[in-house]
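The values are calculated or read from the model by the stated rules, or taken from the named source; none is laboratory data. Treat the numbers as computed from the prediction; the structure is a model and nothing was measured. As a convention, Cβ positions derive from the backbone with ideal geometry for all residues, glycine included, and neighbour counts pool all protein chains shown. Calculation scope for accessible area: heavy atoms of the full protein, side chains included, ligands and nucleic acids excluded. Shrake-Rupley method; radii C 1.70, N 1.55, O 1.52, S 1.80 Å.
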Amino acid sequence: MPEPDRSSLSAGRGLHRDGLKGWPDLWLLPGKPPHSPAAAMAPPPPQPDRAPDQTLAFSDELLLRVLAYLPEPHLTASASLVCKRWTRLSGRLRRRLAVRDWAFVTHRLPYRFPDLAVLDLFPASMAAPASPSRASPVLTCGAVSLTLDPSADPPLGACRFLPDDVLDRGLAVVAARFPNLRRLSATAASESAGLMDIAGGCATLQELELHRCTDLALRPVSAFAHLQILRIVAASSPLYGTSEDGGVTDIGLTILAHGCKRLVKLELAGCEGSYDGIAAVGRCCAMLEELTIAEHRMDGGWLAALAFCGNLKTLRLQGCARIDDDPGPAEHLGACLTLESLQLHRCQLRDRHALHALFLVCEGARELLVHNCWGLEDDMFALAGLCRRVKLLSLEGCSLVTTRGLESVVTSWNDLQSLQVVACNKIKDEEITGALSELFSNLKELKWRPDNKSLLAASLVGTGMGKKGRVFFKRV
(Lines give C-alpha, C1' and ligand atoms only; values in the text may rest on other atoms or scores of the structure.)
Protein backbone atom coordinates (compact mmCIF):
# COMPACT_ATOMS: atom_id res chain seq x y z
CA MET A 1 0.00 0.00 0.00
CA PRO A 2 1.55 3.36 -1.01
CA GLU A 3 2.31 5.84 1.78
CA PRO A 4 0.56 9.24 1.69
CA ASP A 5 2.52 12.23 0.66
CA ARG A 6 3.51 14.00 3.92
CA SER A 7 4.22 17.24 2.11
CA SER A 8 0.64 17.32 0.85
CA LEU A 9 -0.64 16.61 4.39
CA SER A 10 1.45 19.39 5.90
CA ALA A 11 0.35 21.70 3.13
CA GLY A 12 -3.22 20.67 3.80
CA ARG A 13 -2.84 21.48 7.47
CA GLY A 14 -1.37 24.84 6.60
CA LEU A 15 -4.09 25.49 4.08
CA HIS A 16 -6.67 24.50 6.64
CA ARG A 17 -5.06 26.77 9.25
CA ASP A 18 -4.81 29.71 6.84
CA GLY A 19 -8.23 29.13 5.40
CA LEU A 20 -9.84 28.99 8.85
CA LYS A 21 -8.69 32.53 9.44
CA GLY A 22 -10.37 33.73 6.31
CA TRP A 23 -13.67 31.84 6.57
CA PRO A 24 -15.52 34.40 8.69
CA ASP A 25 -14.83 37.01 6.01
CA LEU A 26 -16.52 34.81 3.44
CA TRP A 27 -19.68 33.96 5.41
CA LEU A 28 -22.85 35.38 3.93
CA LEU A 29 -26.08 35.94 5.81
CA PRO A 30 -29.42 36.39 4.06
CA GLY A 31 -30.17 40.05 3.46
CA LYS A 32 -26.70 41.27 4.54
CA PRO A 33 -23.71 42.26 2.37
CA PRO A 34 -20.48 40.29 2.65
CA HIS A 35 -18.19 41.34 5.47
CA SER A 36 -14.71 42.50 4.64
CA PRO A 37 -11.75 43.31 6.90
CA ALA A 38 -11.48 46.75 5.33
CA ALA A 39 -15.04 47.55 6.32
CA ALA A 40 -14.34 46.38 9.85
CA MET A 41 -11.34 48.68 10.14
CA ALA A 42 -13.18 51.68 8.69
CA PRO A 43 -14.08 54.43 11.17
CA PRO A 44 -17.77 54.69 12.19
CA PRO A 45 -19.89 57.20 10.29
CA PRO A 46 -19.97 60.60 11.91
CA GLN A 47 -22.89 61.20 14.25
CA PRO A 48 -25.07 64.23 13.62
CA ASP A 49 -24.34 67.11 15.92
CA ARG A 50 -26.65 67.20 18.94
CA ALA A 51 -28.85 70.27 19.02
CA PRO A 52 -27.81 72.72 21.72
CA ASP A 53 -30.00 73.03 24.80
CA GLN A 54 -32.13 76.09 24.17
CA THR A 55 -33.21 76.29 27.82
CA LEU A 56 -29.67 77.22 28.88
CA ALA A 57 -30.45 80.75 27.77
CA PHE A 58 -33.25 80.93 30.36
CA SER A 59 -32.49 82.01 33.89
CA ASP A 60 -33.57 79.83 36.80
CA GLU A 61 -36.32 82.27 37.73
CA LEU A 62 -37.78 82.26 34.21
CA LEU A 63 -37.60 78.48 33.90
CA LEU A 64 -39.26 78.12 37.29
CA ARG A 65 -42.15 80.23 36.08
CA VAL A 66 -42.53 77.98 33.04
CA LEU A 67 -42.35 74.73 35.03
CA ALA A 68 -44.86 76.07 37.54
CA TYR A 69 -47.61 75.64 34.94
CA LEU A 70 -47.07 71.87 34.85
CA PRO A 71 -49.39 69.76 37.01
CA GLU A 72 -47.88 67.78 39.85
CA PRO A 73 -47.62 64.33 38.12
CA HIS A 74 -45.85 65.71 35.04
CA LEU A 75 -43.57 67.85 37.17
CA THR A 76 -42.25 64.87 39.12
CA ALA A 77 -42.42 62.10 36.51
CA SER A 78 -41.25 63.81 33.33
CA ALA A 79 -39.78 67.25 33.85
CA SER A 80 -37.47 66.19 36.67
CA LEU A 81 -35.84 63.55 34.42
CA VAL A 82 -34.71 65.92 31.65
CA CYS A 83 -31.41 66.93 33.22
CA LYS A 84 -29.81 67.74 36.56
CA ARG A 85 -30.79 71.37 36.32
CA TRP A 86 -34.44 70.54 35.74
CA THR A 87 -34.31 68.04 38.60
CA ARG A 88 -33.05 70.74 40.94
CA LEU A 89 -35.62 73.30 39.77
CA SER A 90 -38.57 70.90 39.84
CA GLY A 91 -37.63 70.03 43.42
CA ARG A 92 -38.00 73.68 44.34
CA LEU A 93 -41.56 73.64 42.97
CA ARG A 94 -42.62 70.50 44.84
CA ARG A 95 -44.98 71.37 47.71
CA ARG A 96 -46.10 67.98 49.06
CA LEU A 97 -44.18 64.75 49.56
CA ALA A 98 -44.52 61.34 51.26
CA VAL A 99 -41.14 59.92 52.32
CA ARG A 100 -40.50 56.18 52.62
CA ASP A 101 -36.81 56.16 53.58
CA TRP A 102 -35.71 57.84 56.80
CA ALA A 103 -32.12 58.18 55.62
CA PHE A 104 -33.39 60.45 52.86
CA VAL A 105 -34.93 62.72 55.51
CA THR A 106 -31.69 63.36 57.32
CA HIS A 107 -29.39 63.63 54.27
CA ARG A 108 -31.03 64.58 50.98
CA LEU A 109 -34.52 65.91 51.71
CA PRO A 110 -33.58 69.57 52.46
CA TYR A 111 -31.47 69.83 49.30
CA ARG A 112 -33.77 67.93 46.95
CA PHE A 113 -37.06 69.55 48.03
CA PRO A 114 -36.29 72.78 49.90
CA ASP A 115 -39.76 74.41 49.80
CA LEU A 116 -42.13 71.69 51.00
CA ALA A 117 -45.40 72.70 52.65
CA VAL A 118 -46.96 69.22 53.19
CA LEU A 119 -44.75 66.40 54.46
CA ASP A 120 -45.70 62.82 55.36
CA LEU A 121 -43.02 61.04 57.40
CA PHE A 122 -45.11 58.17 58.74
CA PRO A 123 -44.16 55.58 56.05
CA ALA A 124 -40.46 56.33 56.57
CA SER A 125 -40.67 55.96 60.35
CA MET A 126 -41.48 52.26 60.10
CA ALA A 127 -38.53 49.91 60.17
CA ALA A 128 -38.12 47.51 57.27
CA PRO A 129 -39.54 44.07 58.08
CA ALA A 130 -37.23 41.16 58.49
CA SER A 131 -36.53 39.08 55.40
CA PRO A 132 -39.63 36.97 54.83
CA SER A 133 -39.37 33.21 54.97
CA ARG A 134 -41.75 30.34 54.68
CA ALA A 135 -42.22 30.32 58.42
CA SER A 136 -42.80 34.09 58.78
CA PRO A 137 -44.63 35.69 55.83
CA VAL A 138 -45.10 39.45 55.66
CA LEU A 139 -48.49 41.08 55.14
CA THR A 140 -48.20 44.50 53.47
CA CYS A 141 -51.06 46.98 53.12
CA GLY A 142 -50.00 50.36 51.79
CA ALA A 143 -47.22 51.71 53.98
CA VAL A 144 -47.81 49.18 56.78
CA SER A 145 -46.00 45.82 56.86
CA LEU A 146 -46.85 43.22 59.50
CA THR A 147 -44.95 40.01 60.14
CA LEU A 148 -47.17 36.94 60.38
CA ASP A 149 -46.34 34.16 62.81
CA PRO A 150 -48.38 31.05 61.88
CA SER A 151 -47.69 29.46 65.26
CA ALA A 152 -48.99 32.45 67.24
CA ASP A 153 -52.58 33.34 68.12
CA PRO A 154 -53.32 35.81 66.61
CA PRO A 155 -50.71 35.43 63.84
CA LEU A 156 -50.26 39.20 63.37
CA GLY A 157 -47.14 40.74 64.84
CA ALA A 158 -46.62 44.34 65.90
CA CYS A 159 -45.30 47.06 63.62
CA ARG A 160 -41.65 47.86 64.17
CA PHE A 161 -40.64 51.51 64.25
CA LEU A 162 -37.28 53.22 64.18
CA PRO A 163 -35.66 54.07 67.54
CA ASP A 164 -36.88 57.23 69.22
CA ASP A 165 -33.52 59.00 68.97
CA VAL A 166 -33.46 58.42 65.20
CA LEU A 167 -36.95 59.86 64.89
CA ASP A 168 -36.01 62.90 66.98
CA ARG A 169 -32.94 63.62 64.84
CA GLY A 170 -35.02 63.50 61.67
CA LEU A 171 -37.66 65.84 63.13
CA ALA A 172 -34.90 68.23 64.19
CA VAL A 173 -33.66 68.38 60.58
CA VAL A 174 -37.19 69.07 59.34
CA ALA A 175 -37.67 71.81 61.93
CA ALA A 176 -34.41 73.52 60.96
CA ARG A 177 -34.83 73.38 57.18
CA PHE A 178 -38.59 73.74 56.59
CA PRO A 179 -39.81 76.81 58.47
CA ASN A 180 -42.84 77.24 56.16
CA LEU A 181 -44.24 73.75 56.70
CA ARG A 182 -48.03 73.79 57.02
CA ARG A 183 -48.92 70.10 57.36
CA LEU A 184 -46.95 67.27 58.94
CA SER A 185 -47.64 63.58 59.48
CA ALA A 186 -45.21 61.82 61.80
CA THR A 187 -44.81 59.15 64.46
CA ALA A 188 -44.77 60.27 68.07
CA ALA A 189 -41.75 59.21 70.11
CA SER A 190 -41.75 58.54 73.82
CA GLU A 191 -39.63 61.65 74.35
CA SER A 192 -40.81 65.08 73.24
CA ALA A 193 -37.55 66.51 71.84
CA GLY A 194 -38.43 66.05 68.17
CA LEU A 195 -41.92 67.55 68.39
CA MET A 196 -40.64 70.42 70.49
CA ASP A 197 -38.16 71.21 67.72
CA ILE A 198 -41.01 71.16 65.19
CA ALA A 199 -43.07 73.51 67.35
CA GLY A 200 -40.18 75.95 67.60
CA GLY A 201 -38.98 75.78 64.00
CA CYS A 202 -42.26 75.46 62.08
CA ALA A 203 -44.20 78.42 63.43
CA THR A 204 -46.80 78.34 60.63
CA LEU A 205 -47.74 74.67 61.05
CA GLN A 206 -51.53 74.39 60.92
CA GLU A 207 -52.21 70.66 60.51
CA LEU A 208 -50.58 67.82 62.45
CA GLU A 209 -51.12 64.06 62.28
CA LEU A 210 -49.52 61.95 65.00
CA HIS A 211 -49.34 58.16 65.03
CA ARG A 212 -48.59 55.87 67.99
CA CYS A 213 -49.70 58.52 70.46
CA THR A 214 -49.70 58.21 74.22
CA ASP A 215 -50.59 60.66 76.96
CA LEU A 216 -46.95 61.71 77.41
CA ALA A 217 -46.44 62.17 73.68
CA LEU A 218 -49.19 64.81 73.64
CA ARG A 219 -47.37 67.17 76.00
CA PRO A 220 -45.42 69.04 73.26
CA VAL A 221 -48.57 69.50 71.16
CA SER A 222 -49.52 72.46 73.35
CA ALA A 223 -46.45 74.31 72.03
CA PHE A 224 -47.97 74.63 68.53
CA ALA A 225 -49.42 78.12 68.62
CA HIS A 226 -51.27 78.12 65.28
CA LEU A 227 -52.43 74.49 65.12
CA GLN A 228 -55.97 74.22 63.72
CA ILE A 229 -56.31 70.61 62.48
CA LEU A 230 -55.12 67.68 64.58
CA ARG A 231 -55.42 63.94 63.96
CA ILE A 232 -54.37 61.57 66.73
CA VAL A 233 -53.89 57.82 66.22
CA ALA A 234 -53.54 56.27 69.64
CA ALA A 235 -50.95 53.61 70.33
CA SER A 236 -52.51 50.15 70.29
CA SER A 237 -50.63 47.31 71.93
CA PRO A 238 -51.55 44.64 69.31
CA LEU A 239 -50.55 46.87 66.38
CA TYR A 240 -47.71 49.02 67.69
CA GLY A 241 -46.26 46.66 70.29
CA THR A 242 -46.70 49.15 73.13
CA SER A 243 -47.51 48.34 76.72
CA GLU A 244 -51.07 47.72 77.80
CA ASP A 245 -51.22 51.03 79.70
CA GLY A 246 -50.24 53.02 76.59
CA GLY A 247 -52.65 54.99 74.46
CA VAL A 248 -54.59 58.20 74.88
CA THR A 249 -56.85 58.50 77.91
CA ASP A 250 -58.61 61.34 79.69
CA ILE A 251 -55.21 62.62 80.81
CA GLY A 252 -53.98 63.05 77.25
CA LEU A 253 -57.27 64.59 76.10
CA THR A 254 -57.11 67.12 78.94
CA ILE A 255 -53.51 68.02 78.07
CA LEU A 256 -54.54 68.41 74.46
CA ALA A 257 -57.57 70.55 75.30
CA HIS A 258 -55.64 73.01 77.48
CA GLY A 259 -52.82 73.35 74.95
CA CYS A 260 -54.66 73.55 71.59
CA LYS A 261 -57.43 76.05 72.14
CA ARG A 262 -57.55 77.14 68.50
CA LEU A 263 -58.45 73.76 67.06
CA VAL A 264 -61.07 73.73 64.32
CA LYS A 265 -60.93 70.03 63.35
CA LEU A 266 -60.04 67.15 65.65
CA GLU A 267 -59.89 63.43 64.90
CA LEU A 268 -59.43 60.84 67.62
CA ALA A 269 -58.61 57.34 66.35
CA GLY A 270 -58.44 54.44 68.77
CA CYS A 271 -58.51 56.69 71.83
CA GLU A 272 -59.72 55.74 75.26
CA GLY A 273 -61.27 58.18 77.68
CA SER A 274 -64.70 59.01 78.98
CA TYR A 275 -66.96 61.94 79.85
CA ASP A 276 -64.14 63.96 81.43
CA GLY A 277 -61.85 63.93 78.40
CA ILE A 278 -64.52 64.91 75.85
CA ALA A 279 -65.90 67.55 78.22
CA ALA A 280 -62.43 69.10 78.57
CA VAL A 281 -62.13 69.29 74.79
CA GLY A 282 -65.55 70.92 74.52
CA ARG A 283 -64.89 73.49 77.23
CA CYS A 284 -61.39 74.53 76.12
CA CYS A 285 -61.58 74.25 72.32
CA ALA A 286 -64.28 76.85 71.77
CA MET A 287 -63.55 77.06 68.00
CA LEU A 288 -63.95 73.32 67.35
CA GLU A 289 -66.29 72.78 64.39
CA GLU A 290 -65.60 69.18 63.29
CA LEU A 291 -65.05 66.17 65.54
CA THR A 292 -64.24 62.70 64.19
CA ILE A 293 -64.15 59.69 66.49
CA ALA A 294 -62.82 56.49 64.88
CA GLU A 295 -62.64 53.02 66.44
CA HIS A 296 -62.88 54.43 69.92
CA ARG A 297 -62.44 52.49 73.15
CA MET A 298 -64.12 55.02 75.42
CA ASP A 299 -65.98 54.26 78.60
CA GLY A 300 -69.70 54.73 78.90
CA GLY A 301 -71.17 58.20 79.26
CA TRP A 302 -69.01 60.14 76.77
CA LEU A 303 -72.00 61.08 74.59
CA ALA A 304 -73.34 63.45 77.23
CA ALA A 305 -70.09 65.46 77.06
CA LEU A 306 -70.79 66.49 73.46
CA ALA A 307 -73.17 69.14 74.79
CA PHE A 308 -70.09 71.15 75.90
CA CYS A 309 -68.99 71.55 72.25
CA GLY A 310 -70.77 74.85 71.74
CA ASN A 311 -69.61 75.46 68.17
CA LEU A 312 -69.62 71.89 66.80
CA LYS A 313 -71.05 71.59 63.28
CA THR A 314 -70.00 68.09 62.14
CA LEU A 315 -69.85 64.88 64.16
CA ARG A 316 -68.40 61.84 62.39
CA LEU A 317 -68.18 58.29 63.77
CA GLN A 318 -66.03 55.83 61.81
CA GLY A 319 -65.49 52.12 62.37
CA CYS A 320 -66.95 52.13 65.89
CA ALA A 321 -67.88 48.68 67.16
CA ARG A 322 -70.04 50.38 69.81
CA ILE A 323 -71.32 53.88 70.32
CA ASP A 324 -71.78 54.23 74.08
CA ASP A 325 -72.19 51.36 76.52
CA ASP A 326 -73.97 53.51 79.13
CA PRO A 327 -75.18 56.87 77.83
CA GLY A 328 -77.21 57.55 80.95
CA PRO A 329 -80.73 58.96 81.33
CA ALA A 330 -82.13 60.91 78.40
CA GLU A 331 -82.81 64.01 80.53
CA HIS A 332 -79.08 64.32 81.36
CA LEU A 333 -77.76 64.04 77.81
CA GLY A 334 -78.14 67.59 76.55
CA ALA A 335 -77.89 68.49 72.86
CA CYS A 336 -75.49 70.00 70.34
CA LEU A 337 -77.52 73.01 69.29
CA THR A 338 -75.17 74.08 66.50
CA LEU A 339 -74.73 70.63 64.92
CA GLU A 340 -75.43 70.52 61.19
CA SER A 341 -74.13 67.11 60.03
CA LEU A 342 -74.14 63.67 61.64
CA GLN A 343 -72.15 61.05 59.74
CA LEU A 344 -71.93 57.33 60.54
CA HIS A 345 -69.44 55.22 58.57
CA ARG A 346 -68.86 51.46 59.07
CA CYS A 347 -70.35 51.45 62.57
CA GLN A 348 -72.19 48.76 64.52
CA LEU A 349 -75.69 50.11 65.20
CA ARG A 350 -77.15 47.21 67.17
CA ASP A 351 -77.57 48.93 70.55
CA ARG A 352 -80.97 50.61 70.57
CA HIS A 353 -80.35 52.54 73.77
CA ALA A 354 -77.05 54.00 72.50
CA LEU A 355 -78.49 54.91 69.09
CA HIS A 356 -81.45 56.62 70.75
CA ALA A 357 -79.07 58.68 72.87
CA LEU A 358 -76.99 59.63 69.82
CA PHE A 359 -80.02 60.94 67.93
CA LEU A 360 -81.18 62.86 70.98
CA VAL A 361 -77.82 64.62 71.30
CA CYS A 362 -77.84 65.36 67.54
CA GLU A 363 -81.53 66.18 67.20
CA GLY A 364 -80.78 69.48 65.44
CA ALA A 365 -78.74 67.95 62.61
CA ARG A 366 -79.59 69.07 59.07
CA GLU A 367 -77.67 66.28 57.34
CA LEU A 368 -77.72 62.58 58.19
CA LEU A 369 -75.31 60.20 56.45
CA VAL A 370 -75.36 56.46 57.22
CA HIS A 371 -72.87 54.52 55.08
CA ASN A 372 -72.04 50.80 55.32
CA CYS A 373 -73.29 50.36 58.87
CA TRP A 374 -74.33 47.03 60.35
CA GLY A 375 -77.45 46.22 62.37
CA LEU A 376 -79.56 49.13 61.12
CA GLU A 377 -82.99 47.54 60.84
CA ASP A 378 -86.30 49.32 60.40
CA ASP A 379 -86.98 49.71 64.12
CA MET A 380 -83.47 51.10 64.67
CA PHE A 381 -83.71 53.45 61.69
CA ALA A 382 -87.05 54.74 63.01
CA LEU A 383 -85.10 56.43 65.82
CA ALA A 384 -83.72 58.85 63.21
CA GLY A 385 -87.15 60.49 63.27
CA LEU A 386 -85.99 62.26 66.45
CA CYS A 387 -83.95 64.57 64.20
CA ARG A 388 -86.78 66.80 62.98
CA ARG A 389 -84.75 69.26 60.89
CA VAL A 390 -83.06 66.89 58.45
CA LYS A 391 -82.73 68.33 54.94
CA LEU A 392 -80.37 65.70 53.47
CA LEU A 393 -80.48 61.95 54.01
CA SER A 394 -77.87 59.62 52.51
CA LEU A 395 -78.20 55.86 52.93
CA GLU A 396 -75.52 53.62 51.42
CA GLY A 397 -74.86 49.97 52.07
CA CYS A 398 -77.67 49.59 54.65
CA SER A 399 -78.98 46.22 53.53
CA LEU A 400 -81.52 45.74 56.35
CA VAL A 401 -83.61 48.88 55.83
CA THR A 402 -86.78 48.17 53.84
CA THR A 403 -88.97 50.44 51.76
CA ARG A 404 -91.54 50.65 54.55
CA GLY A 405 -88.90 51.63 57.08
CA LEU A 406 -87.55 54.33 54.80
CA GLU A 407 -91.02 55.72 54.13
CA SER A 408 -91.95 55.91 57.81
CA VAL A 409 -88.97 58.18 58.48
CA VAL A 410 -88.68 60.41 55.42
CA THR A 411 -92.40 61.23 55.31
CA SER A 412 -92.15 62.63 58.84
CA TRP A 413 -89.52 65.19 57.82
CA ASN A 414 -91.11 68.32 56.47
CA ASP A 415 -87.81 70.00 55.52
CA LEU A 416 -86.30 67.14 53.50
CA GLN A 417 -84.80 68.41 50.25
CA SER A 418 -82.26 65.78 49.18
CA LEU A 419 -82.40 61.98 49.32
CA GLN A 420 -79.70 59.51 48.33
CA VAL A 421 -80.29 55.75 48.50
CA VAL A 422 -77.48 53.50 47.21
CA ALA A 423 -76.90 49.74 47.61
CA CYS A 424 -79.81 49.09 49.99
CA ASN A 425 -81.04 45.76 48.63
CA LYS A 426 -84.29 45.51 50.62
CA ILE A 427 -85.62 48.79 49.21
CA LYS A 428 -87.58 47.84 46.09
CA ASP A 429 -88.98 49.95 43.30
CA GLU A 430 -92.24 48.01 43.19
CA GLU A 431 -92.92 48.77 46.87
CA ILE A 432 -92.93 52.55 46.44
CA THR A 433 -96.27 53.98 47.58
CA GLY A 434 -98.10 57.07 46.44
CA ALA A 435 -96.91 59.08 49.46
CA LEU A 436 -93.31 58.24 48.69
CA SER A 437 -93.75 59.12 45.02
CA GLU A 438 -95.21 62.50 45.96
CA LEU A 439 -92.26 63.11 48.25
CA PHE A 440 -89.85 62.31 45.41
CA SER A 441 -91.52 64.85 43.16
CA ASN A 442 -90.98 67.63 45.70
CA LEU A 443 -87.29 66.94 46.31
CA LYS A 444 -84.55 69.16 44.93
CA GLU A 445 -82.12 66.24 44.58
CA LEU A 446 -82.82 62.51 44.30
CA LYS A 447 -80.24 59.76 43.84
CA TRP A 448 -82.07 56.44 43.69
CA ARG A 449 -79.93 53.32 43.21
CA PRO A 450 -80.99 50.87 45.92
CA ASP A 451 -79.84 47.85 43.88
CA ASN A 452 -78.60 46.83 40.45
CA LYS A 453 -82.08 46.02 39.21
CA SER A 454 -83.35 49.54 39.75
CA LEU A 455 -80.29 50.91 37.96
CA LEU A 456 -80.94 48.59 35.03
CA ALA A 457 -84.62 49.52 34.88
CA ALA A 458 -83.73 53.23 34.79
CA SER A 459 -81.36 52.66 31.88
CA LEU A 460 -84.04 50.78 29.87
CA VAL A 461 -86.77 53.40 30.14
CA GLY A 462 -88.22 54.20 26.71
CA THR A 463 -86.41 51.40 24.86
CA GLY A 464 -89.19 48.80 25.05
CA MET A 465 -86.73 46.19 26.27
CA GLY A 466 -87.77 43.96 29.13
CA LYS A 467 -91.40 43.71 28.01
CA LYS A 468 -91.40 41.79 24.74
CA GLY A 469 -89.75 38.74 26.20
CA ARG A 470 -92.32 38.52 28.98
CA VAL A 471 -95.19 38.69 26.50
CA PHE A 472 -93.48 36.09 24.29
CA PHE A 473 -93.02 33.59 27.08
CA LYS A 474 -96.59 34.08 28.28
CA ARG A 475 -97.84 33.14 24.82
CA VAL A 476 -95.67 30.09 24.74
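Accessible surface for W374 stands near 120 Å², nearest 10, in the context of the full protein assembly shown (1.4 Å probe).
Shown are M196, M298, whose ranking by accessible area with a 1.4 Å probe and every protein chain present, most to least, is M196, M298. FRET efficiency for the pair R404 and A330, taken as 1/(1 + (r/R0)^6) with r the Cβ-Cβ distance and R0 = 22 Å, rounds to 0.25.
Which order do peptides 415-422, 436-443 fall in by mean Cβ count within 10 Å, highest first?
Ranking the peptides 415-422, 436-443 by packing returns 415-422, 436-443.
Taking all protein chains as they are arranged and a probe of 1.4 Å, the heavy atoms of T292 leave approximately 10 Å² accessible to solvent. Under the simplified labelling scheme, the R92-K391 pair shows an inter-label distance of 4.8 nm, with each label point 7 Å from Cα along Cα→Cβ.
Straight-line reach from K84: taking Cα to Cα under 17 Å and skipping same-chain neighbours fewer than 8 places apart, the aspartates and glutamates in range are D53, D60, E61. Computed with a 1.4 Å probe over protein heavy atoms only, the accessible surface of the range 241-343 comes to 39 Å² per residue.
For I229, I323, what's the largest-to-smallest order of accessible area, 1.4 Å probe?
I229, I323
The stretch between V422 and K265 holds 53.7 nm of extra length on full extension. This uses 0.36 nm per residue minus the Cα-Cα distance.
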